[in-house]
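Report on one structure; see the data block that follows.
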Amino acid sequence: MRRFAVALLGLLSCSGDPVHDDLVRGLGPEPSGAPGPLHRAGQPCLACHGGSGPASLELSVGGTIYVQQGKTDPLEGAEVQVTDLAGRVVCSATTNAAGNFFLRRSECTMPEPAKANVLRASDGAESNMITRIGRSGSCATCHHGDTSTATSVERIYLLSAE
Amino acid sequence: MRAALFLCLGSVAAAGACLASPDARIGIQGPDRAQFDSVERLLEHRCGSLDCHGQTGRNLRVWGCEGMRLDANDTPQCRRTGGKDTTAAEIDATYRSLVGLEPAVMTAVVQGKGAHPEWLTFVRKARGDESHKGGALWVPGDAQDRCVTSWLAGATDTSACDVGVADSADAGATGDP
């Protein structure tokens, strides 16, 4: 009976996909406050918002943009454009105070593959993706950390290091 | 006496196994490695991004400068000025990953001179004939498909591979990653 109860509890708290569940668990607890648009900067948004739970809001694209290479100052007020390979803008969003941006699945279907651009209207600064997004709408699937490694690229930034 | 003989033979066999070349053939017949470079370039470009097959979590792993690097000191930034291009070791690793994915089927395809590329799961998935998270990447007979199937048949159509990469519309772009 006890084993059944434990198993049932596990079943109710998991998506049934161990890979997805491990990914969500690996993100750790909510850093502070309640979940919201400013939370979990730098983490892969679609791990929870990709439609497999645990978040109810479903996104198609989400990420965090930083001001400068190697630093963690968030970039607020920049436009993030999602484009097809020909450069046509499919959807766009604006980064918030945490540098986060996101596009709901109901408002944007990300082409696969896709690219992205970051533009700051105030000074015309621009950063364009030259490789491609294969299929993941979470920028942080590939972009994380201070520096690039053999299996990842550094955080997304607008300005190169001085 | 007999025990000593067996011990001796066993030692010789063990020594031979330890000295066996890592390139020794073990019964899998793959397509010509020498003709794979053009094919690899297509696979790396179309399949090898970090969120697709440029990661170790995939059965089919693709290494290269646009995705996962083999050397821990390299980064996926070949398009950036000063970035390091795909290495021969990475091409070798991608070749072994591809051939080793379905070794028995690959052997049959190669022995049949590529008459049935669709026997391979990676071909069916790329064509969209089998469920594939990346969707259908090409259609039978287009340049990308000809690049792969010609390699399987024993004579890579390198011009098809070049067209296949160029068809992606962003080949040759430079700038920040």
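Here are the numbers:
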quantity	calculated
Fully extended contour minus Cα-Cα distance, from A:D22 to A:V89, at 0.36 nm per residue	20.7 nm
Solvent exposure, largest accessible area first (probe 1.4 Å, DNA, RNA and ligands not counted), of A:V67, A:V153	A:V67, A:V153
Sequence-separation-based contact order of the stretch A:66-126, relative, with Cα cut under 8 Å and 6+ spacing, percent	34
Sequence-distant aspartates and glutamates (8 or more away, or on other chains) whose Cα lies within less than 12 Å of A:K71	A:D146, A:E154, A:E162
Over chain A, relative contact order from alpha-carbon pairs under 8 Å, at least 6 apart, %	22
Alpha-carbon spread of the stretch B:93-159, three principal axes, descending order, Å	28, 26, 23
Under 5 Å, built H, 5+ apart or other chain: amide partners of A:H143	A:V153
Solvent-accessible area of B:H53 with every protein chain in place, 1.4 Å probe, in Å² to the nearest 10	40
Cross-link partners of B:K133 among aspartates and glutamates (Cα-Cα below 14 Å; sequence separation of 8 or more within a chain)	A:E112, B:D51
The stretch A:90-134 residues near the modelled A:L57 label - backbone nitrogen below 18 Å, point 7 Å along Cα→Cβ	A:92-110
Pairwise label distance in nanometres, B:L101 with B:A34, each label 7 Å out on the Cα-Cβ vector	2.5
Inter-label distance, nm, simple model (7 Å from Cα along the C-beta direction), A:S106/B:R124	3.8
Cβ-based net charge around A:H144, under 11 Å, with every Lys or Arg adding one and every Asp or Glu removing one	-1
Sites matching trypsin sites (Lys or Arg not before Pro) across the stretch B:88-165 that sit in DSSP coil, with at most 14 neighbouring C-beta atoms within 10 Å	B:K113, B:K133
Taking the stretch A:103-154 and dividing mean pair separation by its residue count, relative contact order in percent (alpha carbons under 8 Å, at least six apart)	25
Beta bridges by DSSP in chain A, antiparallel share as percent, to the nearest 5	80
Orientation-averaged projected area, Cα convex hull of the stretch B:40-163 (nm²)	7.6
With 5 Å bins from 0: P(r) over chain A, alpha-carbon pairs, percent	2, 9, 16, 21, 19, 14, 8, 4, 3, 2, 1, 0, 0, 0
From phi via Karplus (6.51, -1.76, 1.60), per-residue ³J(HN,Hα) for the stretch A:17-25 in Hz, x at Gly/Pro	9, x, 5, 5, 5, 5, 4, 5, 4
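The values are calculated or read from the model by the stated rules, or taken from the named source; none is laboratory data. This is a predicted model, so every value here is computed, not measured. Cβ: placed from backbone, ideal geometry, glycine included. Neighbour counts: every protein chain shown. Please note that ligands, DNA and RNA were not included when accessible areas were found on the heavy atoms of the full protein model with its side chains. Shrake-Rupley method; radii C 1.70, N 1.55, O 1.52, S 1.80 Å.
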